[in-house]
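For reference, the structure discussed in these notes is given below.
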Amino acid sequence: MKLVGYINEKRENSFREPIYADAKGILYMHEIDNRHNITSFKKLEPKDSDYIKLYLSKKFSVGSKAALVFVGKENYFHFDSAPNAIEEVIHYLNDHSDIYKVDGILDQAMLLKNRIFSDHFVVDNFVVKMNPDEEQIVLSFDFPAAKKDSASRTEATKSEKSNPSLQKDLALKDDKEAIFTNAIKQLNSVDMNFELKLKLRAEERRSKLKTFNYQFKLNQTATRRKKNIE
C-alpha cells in the first residue's frame, strides 16, 4: 500500500484520515491499534470517496506505523509515516502558537506522539522498536554476568596484579554491569511475546557463558605462570 491522499474536510489545523492504494489502484482506509500500528485495511466506502490526492512512495503494510496527514492554515500540510511526521507537526504548532489558537490540537498531537512511540524504548542510548505481534528484529546483548563468585574474584585479583592489561579489560567489563542490569530491567517492562522473551533469556545465558569461559582461561593462565615461577 502507498499513501495517495486524505479525506476531504473543511477544518484547518487538524489530522486527516489517510487514503492508501494497492498496485491495482483500489483505495483503502486503515484501521490502527492504540500504538498507531496498522491492524488492517478496508476498502474505501462510496461516502468517503471525496478525498484530496497526494502521493508518498513509502510502502505501508499491516504491522507498520500508519501514515499521518496534518492540514494547518494557509495551505500548510504535512504527511509522512507517523514517527517521521509527528515531530514536524508539533514544531509547526509550537511556532504558530502565538498566531493561531492551537492549544487543543497541540494537546492532541502530544498524545498522538506518545501513542506512536509507546513501543520504542532505549537500551544504552540506542532506540529499539518492539512489535509484540510480529517479530521484526533480533536483539543480541554481549554484556558480562552481573556477579562473580568469591573464589573467581580472588583469582582474578591475583591475575590483575601480574598483568596490567588484564586489569584494564576487567575494569571495562565491570563498568558494563550496570548497563546490563538496566537493560534487562527495561526489557522486562516491555510488552513482548513469549517467544521473544525466551530468545532474550537465551542471549543472556550465552553472554554469561562467554564471561565464564573468559574467566576460566584467565585462571588457567595465572596457574601456569605460578608454576613457571616455582
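The values are calculated or read from the model by the stated rules, or taken from the named source; none is laboratory data. A quick note: this is a predicted structure, and the numbers were derived from the prediction, not measured. Cβ placement follows ideal geometry from the backbone for every residue including glycine, while neighbour counts extend to all protein chains displayed. Quick note on the areas: whole protein, heavy atoms, side chains included, nothing else; ligands and nucleic acids left out. Shrake-Rupley method; radii C 1.70, N 1.55, O 1.52, S 1.80 Å.
Pop out the carbon and sulfur fraction of the accessible area of segment 78-123 as a percent, whole number, probe 1.4 Å. The partial results should precede the final answer.
Details: 1250 of 2500 Å².
Carbon and sulfur: 50 percent of the exposed surface of segment 78-123.
On segment 1-63, 50 percent of the accessible area sits on carbon and sulfur atoms, based on a 1.4 Å probe. Highest mean packing first, where packing is the average number of other Cβ atoms within 10 Å per residue, the peptides 77-85, 21-29, 65-73 line up as 65-73, 77-85, 21-29.
In this structure segment 1-98 gives 54 Å² per residue of accessible area when probed at 1.4 Å with all protein chains present.
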